[in-house]
Amino acid sequence: RGDGDAGGDLRTASAGPLALARSAAIAHAVYTPEVRHPVEVGVEQEAHLVQWLSKRLGSNLQPPVLSPLGYRLIGGRLLPGDGDGPVAQFMYEDGSGKRLTLYVARERAGRQETAFRYTQEKELGVFYWIDGQMGYALSARLPKAELGKIADAVYAQLEAHR
């Protein structure tokens with residue numbers, strides 16, 4: 001994977017990979033503060049969640065296992081996309097209650113594959129990339145280096161399941 005840095009402000013996003021990062025950051029900001037309803041389908045129904053989101057996105061999704069990095073999957077939800085169909089959001093939480101989200105979207109045919117990129121809005125960092133027909137964005141209020149390690153693990157697991 002490459003390591004680019006888009007920098008800048010998420011609000012200036014236009015069409016393309018940075019729009020994916022912006023949508024992911026907005027979804028992260030909306031759902032991670034929720035105490036009672038952070039996800040639509042909880043991890044106790046993980047098989048159903050994965051099957052449902054895979055069917056809706058038309059791709060075999062597999063949420064990465066991040067427990068070796070201290071994060072457990074708590075569930076996920078279906079969200080509207082930006083004209084490319086629905087998107088999936090998987091939410092993870094560590095022992096202290098800190099959350100991160102993985103936003104997964106089907107991308108328009110013909111988009112170029114992008115290297116890993118990073119952008120930040122206030123304390124929220126987002127690593128994002130497009131791999132074939134799928135776009136991914138990992139969002140959390142973590143230092144760039146720490147979020148980068150988690151993004152590397154996510155990318156490696158996604159590649160292993162291709």
- Restricting the stretch 22-59 to trypsin sites (Lys or Arg not before Pro) in coil, as DSSP defines it, with at most 15 other Cβ within 10 Å: 36
- Message: Just to be sure I follow the rule: in the stretch 17-161, considering lysines 8 or more places apart or on different chains, how many pairs have Cα atoms under 21 Å apart?
- Response: 5
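Over the stretch 26-162, with the other protein chains present, what is the accessible area per residue in square angstrom, probe 1.4 angstrom?
I get 49 Å² per residue for the stretch 26-162.
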- Note on the structure: If each part is reduced to its alpha-carbon centroid, the stretch 35-76 and the stretch 118-158 end up apart, in Å, by 17 Å
- Message: Tell me the carbon and sulfur percent of the accessible area for the chain, rounded to whole percent, probe radius 1.4 Å.
- Response: 50 percent
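The values are calculated or read from the model by the stated rules, or taken from the named source; none is laboratory data. No experiment lies behind these values; they were computed from the predicted model shown. Glycine also receives a Cβ, built like all others from the backbone with ideal geometry; neighbour counts cover every protein chain displayed. With ligands, DNA and RNA removed, areas are computed over all heavy atoms of the protein, side chains included. Shrake-Rupley method; radii C 1.70, N 1.55, O 1.52, S 1.80 Å.
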